[in-house]
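*Asks:* What follows is a single structure, and I will ask about it in a moment.
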Amino acid sequence: MNFSKKYSNEVSLFVKVCGRLAKNTFVTGYGGNLAWKLEKDLILITPTQINKGDITDDDLVFINRKGETVEGKRKPTGEKPMYLKFFEERPDVVSVLHCHPPCVCAFAIMKGKNWLMRPFYPETATEVGPVPVVPYAEPLTQQLAKNFSPYLQKYNSFIMENHGLVTMTRADIYWTLLTVELLESSANSMLKCLSAGSLKELDKQAVKNLWNVMKTRNLPLFGAPGENKSLEDMYF
């Protein structure tokens, strides 16, 4: 089976997302990686040690859920154990993106309160949700993947302490990119606000009312299906 031909549209979109990450400087050097589950046992994933802005169709790798390469000339990203864990423990998830957006990464090295767990903007509250900090572990290790376990069922976005961001959605890789861009924009505004004064949250009733927006836009609640009962319970 020639998967690159069968999924040529998805491959093109995947490469486009890689290029946009690089253009946005959400990834630098060889940093960042992404994966898209195209079939139950077929995952499109980035290769190791190549700048995302330089990736072409021929560089991409197809793996199965055991982590075995089924098509592609390059080795898959060294963060493969992390992605295999995500797709195994969150079968509802379709695509995952790990990158280093500068403002979100400021929160990854910030001491004290994690402000990304709080609601400030309607769009971020309904499309990203709370973003917990996953404790630090050495990159490319099974321990790093393991550290996600306490958070993986409840949330869709995660700060990797002293490292970067992981975001997953039930939609295609482009929607996951848009989610990352939304969070980075919010983090940028929050940092500017913190430098000038104090932050003003949405209150519980305002967050409860946002469920109307989620229903209108057909946005699923974050986390594994059935894990969370309401948006306001995630924040308050």
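*Asks:* Is it the case that some residue within the range 159-166 is over 15 Å from VAL128 (Cα atoms), out of contact with any strand residue (DSSP E or B) (no Cβ under 9 Å at 6 or more places or on another chain) and not acidic (Asp, Glu)?
*Replies:* Within the range 159-166, one or more residues are over 15 Å from VAL128 (Cα atoms), out of contact with any strand residue (DSSP E or B) (no Cβ under 9 Å at 6 or more places or on another chain) and not acidic (Asp, Glu).
*Asks:* Looking at LEU21, LEU38, LEU44, LEU60, which one is of a type in the set (A, V, I, L, M, F, W, C) and under 19 Å from HIS163 (Cα atoms)? First the steps, then the outcome.
*Replies:* Working: LEU38 fails: under 19 Å from HIS163 (Cα atoms); LEU44 fails: under 19 Å from HIS163 (Cα atoms); LEU60 fails: under 19 Å from HIS163 (Cα atoms).
Every option except LEU21 fails the conditions.
*Asks:* Based on this model, can you work out whether THR46 counts as surrounded by 21 or more Cβ atoms within 10 Å (Cβ to Cβ), free of Cβ contacts under 8 Å to residues at least 40 places away in the same chain, over 30 Å from VAL213 (Cβ atoms) and among the β-branched types (Val, Ile, Thr)? Steps first, please.
*Replies:* Details: surrounded by 21 or more Cβ atoms within 10 Å (Cβ to Cβ): yes; free of Cβ contacts under 8 Å to residues at least 40 places away in the same chain: yes; over 30 Å from VAL213 (Cβ atoms): yes; among the β-branched types (Val, Ile, Thr): yes.
For THR46, the condition - surrounded by 21 or more Cβ atoms within 10 Å (Cβ to Cβ), free of Cβ contacts under 8 Å to residues at least 40 places away in the same chain, over 30 Å from VAL213 (Cβ atoms) and among the β-branched types (Val, Ile, Thr) - is met.
*Asks:* Test GLY29 against the stated conditions and say whether it is in contact with a Leu (Cβ under 7 Å, 6 or more places away or on another chain) and either touching a residue at least 60 places away in the same chain (Cβ under 8 Å) or not polar (S, T, N, Q) (or both).
*Replies:* No; evaluated as a whole, the condition is false for this residue.
A quick yes/no check of all residues on (1) at pLDDT 95 or above; (2) of a type in the set (Ser, Thr, Tyr); (3) assigned to a helix (DSSP H, G or I); (4) more than 30 Å from LYS75 (Cα to Cα):
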position: PHE120; (1), (2), (3), (4): yes, no, no, yes
position: PRO139; (1), (2), (3), (4): no, no, no, no
position: ALA145; (1), (2), (3), (4): no, no, yes, no
position: PHE158; (1), (2), (3), (4): yes, no, no, no
position: SER189; (1), (2), (3), (4): yes, yes, yes, yes
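*Asks:* Return a yes/no flag: does the range 85-104 have any residue that is farther than 30 Å from ASP58 by Cα, in a helix (DSSP H, G or I) and of a type in the set (A, V, I, L, M).
*Replies:* Scanning the range 85-104 turns up at least one residue that is farther than 30 Å from ASP58 by Cα, in a helix (DSSP H, G or I) and of a type in the set (A, V, I, L, M).
*Asks:* THR169 is checked against (1) in contact with a strand residue (DSSP E or B) (Cβ under 7 Å, 6 or more places away or on another chain); (2) closer than 21 Å to THR25 by Cβ and fails just one. What number does that condition carry?
*Replies:* (2)
*Asks:* What are the pairs with Cβ atoms under 7 angstrom where one residue, in the range 52-79, is of a type in the set (Gly, Ala, Ser) and the other, located anywhere, is outside any helix (DSSP H, G or I) and surrounded by 14 or more Cβ atoms within 10 Å (Cβ to Cβ)? Sequence gap at least six, or different chains.
*Replies:* GLY72/LEU60; GLY72/VAL61; GLY72/PHE62; GLY78/THR48; GLY78/LEU140
*Asks:* Filter the range 181-226 for residues that are loosely packed, with under 13 Cβ neighbours inside 10 Å, over 28 Å from LEU21 (Cβ atoms), over 23 Å from the mean Cα position of the chain (by Cα) and among the small types (Gly, Ala, Ser) and give the result.
*Replies:* ALA196, GLY197, SER198
*Asks:* While we're here: I need every pair where a residue in the range 80-98 that is without any contact (Cβ under 8 Å) to a residue 40 or more places away in the chain has its Cβ under 9 Å from the Cβ of a residue that is surrounded by fewer than 19 Cβ atoms within 10 Å (Cβ to Cβ) and not in a helix (DSSP H, G or I), sequence separation at least 6 or different chains.
*Replies:* Pairs found: LYS80/THR48; LYS80/GLY67; LYS80/LEU140; GLU88/ARG65; PRO91/LYS40; PRO91/ALA224.
*Asks:* From the set of residues in the range 108-118 that are in contact (Cβ under 8 Å) with a residue 12 or more places away in the chain, of a type outside the set (Lys, Arg) and not in a helix (DSSP H, G or I), which is farthest from ARG217 (Cα to Cα)? Walk me through how you get there before you give the answer.
*Replies:* Going residue by residue through the range 108-118, those that are in contact (Cβ under 8 Å) with a residue 12 or more places away in the chain are 108-109, 114-118.
If we keep only those that are of a type outside the set (Lys, Arg) as well, we get 108-109, 114-117.
Of the ones still in play, those that are also not in a helix (DSSP H, G or I) are 109, 114.
Details: ILE109: 34, ASN114: 28 Å.
Step by step, filter the range 108-118, then rank; the result is ILE109.
The values are calculated or read from the model by the stated rules, or taken from the named source; none is laboratory data. Just so it is clear, the model here is predicted, and its values are computed rather than measured. We place every Cβ from the backbone using ideal geometry, glycine too, and count neighbours over all the protein chains shown.
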